[in-house]
1. Filter the cross-link list Lys258/Lys330; Lys228/Lys360; Lys27/Lys518; Lys279/Lys333; Lys45/Lys65; Lys27/Lys360 down to pairs whose alpha-carbon distance in this structure exceeds 29 Å.
2. Asn363 to Asp570: FRET efficiency via 1/(1 + (r/R0)^6), r the Cβ-Cβ distance, R0 41 Å, to the nearest 0.05?
3. Lys228 versus Thr42, label points 7 Å from Cα toward the beta carbon: distance in nm?
4. Which aspartates and glutamates does Lys312 reach when only Cα atoms under 16 Å apart count, and residues fewer than 8 places away in its own chain are ignored?
5. Before anything else, pin down the relative contact order of the range 101-238: Cα pairs under 8 Å, at least 6 apart, normalised by residue count, whole percent.
6. Explain nothing, just the number: dipole magnitude of the range 189-235 about its Cα centre with +1 on each Lys and Arg Cβ and -1 on each Asp and Glu Cβ, in debye rounded to the nearest 20.
7. Per residue and in Å³, how big is the convex hull formed by the alpha-carbon atoms of the range 6-92?
8. In nm, give the distance between the simple-model label positions of Arg15 and Arg351, each being 7 Å from the Cα along the Cα-to-Cβ direction.
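Laboratory data are not the source of any read-out in this text; all were calculated from the coordinates shown. This is a predicted model, so every value here is computed, not measured. FYI the Cβ positions are ideal-geometry reconstructions off the backbone, even for glycines, and counts take in every protein chain you see.
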Amino acid sequence: MARFTPDFLDELKARLRPSDVIGRYVKLKKQGNEWAGLSPFTKEKTPSFFVNDQKGFYHCFSSGKHGDVISFLQETQRLTFHEAVEQLAEEAGLPLPAETPGDAARAQRAQGLAEACAGAAQYFAAMLQRSDGRQAMDYLRGREVSDEQIKQFNIGYAPSGRGGLKDFLINKSFAEDVLIEAGLIIKPEDGSASFDRFRNRIMFPITGARDRVIAFGGRALDPEARAKYLNSPATPLFHKGSVLYNFNAARMAAADAKAPLMVCEGYMDVIALWGAGFKHGVAPLGTALTEDQLTLLWRASDEPVLCFDGDKAGVAAAHRAIDRALPLIKPGKSLSFAFLPEGQDPDDVVRSEGAAAFGKILNETQPLVDVLWDREIQARPLDTPERRAALKAHLRELVKTIVDNDVRGAYGTEFARRLDERFAPPSRAGGQRSGGGWRGGKGAGGQGGARNWGANQRGQGFRFAEPARPSPGLKRRGAPSQWSREAALILAAINHPALIERQETAFFDLELADPGLKGLLSEVLSAISLDTGLDSAGLRSHLSGTGAAGSMERVLNDPELSKHRFLRPDTGIDEAEQGFRNALALHLFDSTLKQEVVRSASQIFTDGDESWKAAAAAREELVNTNKASEQNVLDNGDSPKRFDDALERMKQSVDKKFNR
């Protein structure tokens, strides 16, 4: 695969105008120095998507997405980085970087195999339309497959003879060894004549990158055939565990519909759903989902929907998918499940009940965590303390398999909450039994049932340390509030709009908790994007006519903010920038600190009950140290370097307490 150097990528982007590339997918209208249009990422009526040709980027205010033409194609067309670069290079007329001789030879060999597969697909399609393919066509008509579906999926027929395909391709100058390597014909070990691999089967071409045919799946018409479905063998082009049927077309349809990919069991399900208007269906090739296929799915959808029969076999298949996916899930990347009526697959549903019935099923999907929870609480009786303890231990082991720290912590917290809710002890006034445990009422010590499971406070049940609160002394010291920290960053931009160009990445990546400030920042960035020459007075005038006017007035008139020199309108731009960088470091420090504390607390479930005391101590120390530092940073202008050192010391403190 070609390596793309920074110089090559810079040259590629220099040859293309972002508005030309993006304009093929989004209707853009010129506004000042930029182009504006409706967001391709969210549904909206007022344009909040802007493209700047001079700076070479796009920014979507409604979704927060920001990037260049390469990332745009990755986001909207679900292309890989290499696919996007190759497509843009072809458009720009820029040759791809030279490959090694070995790479070139392999590419040439692969091209020959792909051409042989394309020739085979042409042959099979022609055979379906001839008298030899009448039985196959009758079968497809019986499954209500239309001519449009046959054409879309290039469905064909492999005749029952032993050499029809072989003769066709050899007459087109393909060498026998190429046809063998492509998995189209079989050469017996005894040295006898080679013969066609697929015979008397309905043929479904399988496509790979750039929609080239790389393999086939064949459905037997003979009920006595040893294999109902037969796939091509592994070849240099095809590894069935790394491919999904209809993936390329489905990911583009999913992007257009802003819908997740749907994973079905087989070819006919995908084809039937396409005919019913659900064009974003894919299927594994006769096996359970593999890690490579999950990665492929997540490249196109954050939460693809797995469609399963609602019977025991379908539920078991869903559980196998969960076990495979659980270690791999990441923030924002998971699975959802749609369970169909027992004994029915998607093809059955759309043929018997119509598209609306299947649409209703898709609207009732269940997230992975719910399906996993249901599986575990139904797997064993939960009517004794020992059995409930076994459930807790097993859930803990499942959580430990999740590789991502943040997701592992979130699952630990979620399972602890659910266990507490399900098995919360009754209050003295009496509780209500629910599903093998007590539900409703307060536990020992007057704590709510959602807080602990068990009657004591020594961590013998699901008990978590309460969030550490600043002491009265800290409150008296007057450490700035979260609102003040966030407002300072925006006020710096309002009083010094030139900061936005100097700190462009920082402003566009800024994450704020306060909704009013978040809206104000969006309006500020939108105004500057439309008019890069806007000064402070012009920016204030513009903001006063927007929905963020109230937030602006609060920021401008806050007496605490006016005390900081870098926020004053008459401060020089260099000093304002240094102050902004310090304030930003404080904001990032606080955000990182909170994430570390939350992660430490959520790890209690995974690491065991004894760690809650260490978590409490660490939380108290970190919060107190941070609070005591904040005012000094804003008032005295501590440098980002000193602040980074403080952050590193705090992280080391947490690591030491948890022996990491």
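1. Distance filter (> 29 Å) returns Lys228/Lys360; Lys27/Lys360.
2. Rounded to the nearest 0.05, the efficiency is 0.10.
3. According to this spin-label approximation, the distance is 4.6 nm.
4. Glu265, Glu342, Asp345, Asp374, Glu376
5. Relative contact order for the range 101-238 comes out at 26 percent.
6. Using only the charged Cβ atoms, the result is roughly 260 debye.
7. 89
8. So the label points at Arg15 and Arg351 sit 5.0 nm apart.
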